[in-house]
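Only one structure is covered here, and it is reproduced in the block below.
The values are calculated or read from the model by the stated rules, or taken from the named source; none is laboratory data. Just so you know, these numbers come straight off a predicted model, no measurement behind them. Every residue, glycine among them, receives a Cβ derived from its backbone with ideal geometry; neighbour counts consider all protein chains shown. Just so you know, the surface numbers come from the protein's heavy atoms only, side chains and all, with ligands and any DNA or RNA stripped out. Shrake-Rupley method; radii C 1.70, N 1.55, O 1.52, S 1.80 Å.
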Amino acid sequence: MSETTEHRSNYFMVFGILVAALAISLALAAVSTGPIVVAAIFAIATVKAYLVLTHFIHLNVEPRFIKVLVIGLLAVLTVLYIGLVPDIVWVFGRMEGA
Amino acid sequence: MSHGEPESFVRKYIFSVDHKVIAKQYMITGLFMALLGGFLAYALRSQLAWPGDSIVGLGVIAPHAYNSVVTLHGTIMVFWVAMPILVAGFGNLLVPLMVGAEDMAFPRLNMLSYWVFFLSTIVIIASFFVPGGAAGGGWTAYPPLSGTVHASGVNWGMNLWILAVALEFVAFLIGGINIITTGINMRVPGMSMWDLPLFVWEELIASIVFLLAVGPLIAGAVMLLLDRSFGTGFYAPSAGGDPLLFQHLFWFFGHPEVYVLLLPALGIMGEVLCAFSRKTIFGYRTIVWSVISAGLLSFVVWAHHQFVSGLDPRLAFPFSVTTILISVPFAVHLFAFIATLYKASIRFTVAMAFTLAMIALFMIGGVTGVINGSAAADIFIHDTYFVVAHFHYTLVPIVFFATFSGIYFWYPKLFGRLMNEGLGWVHFAGTFFFFNLTFIPQFALGLMGHHRRIANPQIFEFLRDGQGLQVLSTIGVIGLLAAQVPFVYNFFASMVRGKPAGRNPWEATTLEWATASPPPHGNFDEPQTAYRGPYVYSPPGEGPDWIPQFEPPAEALEPDTAISETAS
Ligand SMILES: [Cu+2]
């Protein structure tokens, strides 16, 4: 906030990286849907989300309070995910093979 | 920013960017929707008291229509009454004034927020008139009831419900960002975060909680819409989905949402309490920290709504514990309010009466909440009228008692005049009495086993004895609605006939009382400074029993030096 001068990201380069990452994810999914590949796709998605947050949502130039809010949001999502696991991920006795 | 240029009628009263006009728009829309929600309450209560009879003003309610009435009563009261009045109405009116700003941080976004909300209001009202009627799946819109057309017989009504709620969330997200930015960035010189009036703190935290909680429900609603309209199976077990997922997503938002409503209400009460007990709030920082911790805890209690819906039993214990734990910060908060009253010279005004009644009634709501929060007890009372009575003992004090308190208190800042206290006391007495008459019988009915979603309790043998209580409760709601007549009259008549208020009729300390009533465009005639904390009442020594936050320190140098000279 304090420096209103040029602090621009190279949007086209970031966009290029995002497209390339998408292409890699799709290619991986075409090769296999095993657990390692799925993990890799999620890892790539995380990197993409990080790039979007920092460059397109401008977190790299925002004051600390905004970053704290984003961290809070991620913490909240983590809590939600943990709460969902027993019911939605481990479907004991409800679907075959679980 | 430009002040005082004459504007066209449309710019001034309809598409206005002035936070005070937008506050009035939100409040009046909310109060109008409260009449609609109240009428639905009257309709559903009449059906329960005299099942199948024709209801004055509506006719006979068919069973599926009863579902719509219940669903829309809840939906409207939470999303179209509580949210616009408490969060957006009072937030818009007071946050800029209390921090000494000339408007919200983003006035145009503010206007957009109201008009998106207005659109959502049109959509939800329109949903009554589409083929199949309005949504009938309950205000929580659980699938499978809400997930397919054949489950509830409602097609467009449910789609419009989802659309309306989504639009409403957009409006309050925009509004919330505005409130957060204004409260943090637009404070006058000298006002640290620890000098903020309690109301601003509570609005800030409420807005942040809303911001963090709303995402999962929006995702959930999109999936619901996809299930209904595009044949996906997120919530359909036949397609590998799980209806429980929606309950998780809904309550992950839904419980924090209750606090989004509660916190502004507590903020209103804090201001009223200080002004009329002529005392500094007891434990200001303790209150703020208890609100922050309640905000954090509110994200880990949601599954207490799902103890009987097939939740993994291992989750019941942790969610019971967090639920019972969350009563601690609120107990701290309320006891700080009660301690504020200790040895105070209380001024009994209508605003104060509503706040004091709110404390008492909310205690009943809170204590019965602890009973519900225990998983073992909840299995017995889940979805009964005991729970209905519990949450009305929390939400009616929050949404109506605190709102009335705030309206009587800040009416000068809305319309420049005071409301009539005599009519106000009639309003208060009627509201207090008939509220209790409505909901005390419901605790008993709930323990008898009256399930909340049945249209005719008389078909159950074990509920027939309770019919007298049903009638009592219905008489209560009719009285409660009748008790609002003096308020509605007072609200509109005082705009022209009320006693002119002057700047600071209550001799209060915060910055909104530094300016004219009603404040002009741009709010303050001159830039303000905060010289002290928000609640300096009854300072030791001679002189008035309050020192406003905006009053420069008296030129006390001379007497001081005089004393030190004589001392030395
Ligand atoms: Cu809850």
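So what's the angle, to the nearest 10 degrees on a 0 to 90 scale, between helix B:198-230 and the longest Cα principal axis of chain B?
20 degrees
Which residue, B:Met98, B:Ile454, B:Ala221, has the largest displacement toward the positive end of the dipole of chain B when charges sit on each Cβ (Lys, Arg +1; Asp, Glu -1)?
Farthest towards the positive end: B:Ile454.
Between the alpha-carbon centers of the range B:291-354 and the range B:391-423, tell me the distance in whole angstrom.
Here the answer is 22 Å between Cα centres.
Set Lys and Arg Cβ to +1 and Asp and Glu Cβ to -1, take the dipole of the protein assembly as shown about its Cα centre, and tell me which of B:Ser152, B:Ala376, B:Ala402 lies farthest positive.
The listed residue farthest towards the positive side: B:Ser152.
So how much accessible surface do A and B hide from each other in total, probe 1.4 Å, in square angstrom to the nearest 100? Don't jump to the answer; show the numbers that get you there.
Numbers: alone 7970 and 22340 Å², together 28790 Å².
The contact between B and A buries close to 1500 Å².
Ordering B:Glu542, B:Glu512 by accessible area with a probe of 1.4 Å, largest first, what comes out? Spell out each step's value before the answer.
Numbers: B:Glu542 180, B:Glu512 0 Å².
Reading off the accessible areas and sorting them downward yields B:Glu542, B:Glu512.
Counting Lys and Arg as +1 and Asp and Glu as -1, what is the net charge of the other residues whose Cβ lies under 12 Å from the Cβ of B:Leu418?
Numbers: positive: B:Lys413, B:Arg417, B:Arg497, B:Lys499; negative: B:Glu421.
Taking every Cβ under 12 Å from that of B:Leu418, the sum is +3.
Leaving ligands and nucleic acids out of the surface, order B:Lys343, B:Lys24 by accessible area at 1.4 Å, largest first. Don't jump to the answer; show the numbers that get you there.
Details: B:Lys343 170, B:Lys24 60 Å².
Putting B:Lys343, B:Lys24 in descending order of accessible area: B:Lys343, B:Lys24.
Once a ≥ b ≥ c are taken as the square roots of the eigenvalues of the Cα gyration tensor of the protein assembly as shown, is the result rounded (a/c under 1.5), prolate (a/b larger than b/c) or oblate (a/b not larger than b/c)?
On the way: a/c = 1.72, a/b = 1.19, b/c = 1.44.
The shape class here is oblate.
Rank B:Asn185, B:Leu196, B:Leu244 by how far each Cα sits towards the positive end of the charge dipole of the range B:177-304 (+1 on Lys, Arg Cβ; -1 on Asp, Glu Cβ) and give me just the farthest.
The residue sitting most towards the positive pole is B:Leu196.
Taking beta carbons within 10 Å but only from partner chains, what does the mean come to for residues B:240-251?
Values: counts 2, 1, 6, 0, 5, 3, 0, 1, 5, 2, 0, 1.
Taking all residues of B:240-251 together, the mean is 2.
For B:Met269, what accessible surface area do you get with a 1.4 Å probe? Give it in Å², rounded to 10.
0 Å²
Quick one: plug the Kirkwood hydrodynamic radius of chain B (C-alpha pairs) into Stokes-Einstein at 20 °C, 1.002 mPa s, and report D in µm²/s.
Details: Rh = 24.7 Å.
Stokes-Einstein gives a translational diffusion coefficient of 87 µm²/s.
Please give the helix B:19-49 orientation as an angle from the longest Cα principal axis of chain B, in degrees from 0 to 90, rounded to the nearest 10.
The two axes meet at around 40 degrees.
Under unit Cβ charges (Lys, Arg +1; Asp, Glu -1), what dipole magnitude, rounded to 20 debye, does the protein assembly as shown have relative to its Cα centre?
Details: 28 positive and 36 negative charges, 197 e Å.
My answer is approximately 940 debye.
222 nm [θ] for the protein assembly as shown, helices only, -39500 (n - 2.57) per DSSP H run of 4+, per residue, to 500? Please report the intermediate quantities before stating the final value.
Values: 22 runs with 401 residues, N = 666.
When only DSSP H runs of four or more count, the value is -20500 deg cm²/dmol.
Within the protein assembly as shown, how many Lys pairs sit with Cα atoms under 27 Å apart, leaving out pairs fewer than 8 places apart on the same chain?
Close lysine pairs under the 27 Å cut-off: 13.
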